[in-house]
1. Points 7 angstrom from Cα along the Cβ direction at I105 and N35: gap in nanometres?
2. So, in nm, how far is label S134 from label W176 when the simple model puts each one 7 Å beyond its Cα toward the Cβ?
3. Return the FRET efficiency for the residue pair Q59, I184: r is the Cβ-Cβ distance, R0 is 41 Å, and the value is rounded to the nearest 0.05.
4. For the pair Y120 and E143, what calculated FRET efficiency results from E = 1/(1 + (r/R0)^6), where r is the Cβ-Cβ distance and R0 = 30 Å, to the nearest 0.05?
5. Ordered by packing density, taken as the mean number of other Cβ atoms within 10 Å over each peptide's residues, highest first, how do 126-139, 103-116, 60-73, 179-192 rank?
6. Would you mind checking the pairs K137/K227; K135/K227; K39/K133; K98/K135; K39/K98 and listing those with alpha carbons more than 29 angstrom apart?
7. What nm value, rounded to one decimal, do you get for the distance between K98 and A216 when each label is placed 7 Å out toward the C-beta?
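Just so it is clear, none of the values below were taken in a lab; they were calculated from the coordinates. Please read these numbers as outputs of a predicted model, since none were measured by experiment. Every residue, glycine among them, receives a Cβ derived from its backbone with ideal geometry; neighbour counts consider all protein chains shown.
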Amino acid sequence: MSQDIEQKQSKLPLYLSIFVVGSILLLYFFVPSVNQFLKEAWEVLSSGNEKQVSQWVAQFSWWGPLLIVLAMIAQMFLLVIPTPLLMVVSVVAYGAWKGGAIILIAIFCASSVAYAIGAYFGTPLIERLLGKKSKDKVEGFIEKYGFYAVIVTRLSPFLSNDAISFVSGILRMGYWRFIGATMIGILPLTALIAYLGEDNDRLINGLIWVSVLSLAGFVGYVWWDSKRTKRR
């Protein structure tokens, strides 16, 4: 019975991925207005101009959050759209509380899709996306530190969140364990962006400090763990 439940749970990210990616592709190829809209979205989101992106997203009212979620998924393959930019845009366009909630939903969806791609398409595709060397490094990192590797990567806005999701899927880390670590790690960063999002200087300084402190804490943990291993 428990095995059946595990199998059903493990397919959830796959079904989510097929639905999201399939819907976007169908709309893109068969609905001209959607095709035009997505091209415009690409131009704006890839501009890197926070104010321009925020104003453009805000004009769509309740469709805007869906656009942010889809952009968060698309940025896994379109590296010119940085994740921190989308997080800041969400807060600037919709305010701290609503914008923060949109960030969490977007990260949940994007992480689930990336995990499913890693789990169901495996090493060959991920090596094409990340490169073999990068994939192997992330794989070793997860194999050694597991749950905590995902948390510390989510805490730091300048580490590759997509790589950790893809490789977690390849290694078949339990989906709920992976997504739990993802949400635990992203929550403090989301709260910080929601609090500082309207002041660019404070936000940049805040993101730098969070990255430095989270990495320093993890380096300290790695040092302590290696000393403990040597004693054993």
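1. The modelled label-to-label distance comes out at 2.9 nm.
2. 3.2
3. Values: r = 34 Å, r/R0 = 0.82.
Taking R0 as 41 Å, the efficiency between Q59 and I184 is 0.75.
4. Numbers: r = 20 Å, r/R0 = 0.66.
Here the calculated transfer efficiency is 0.90.
5. On the way: 126-139: 16.0, 103-116: 23.7, 60-73: 17.7, 179-192: 19.6.
The densest-packed peptide leads the list: 103-116, 179-192, 60-73, 126-139.
6. Values: K137/K227 21 Å; K135/K227 27 Å; K39/K133 33 Å; K98/K135 35 Å; K39/K98 27 Å.
Over 29 Å Cα-Cα: K39/K133; K98/K135.
7. 3.8
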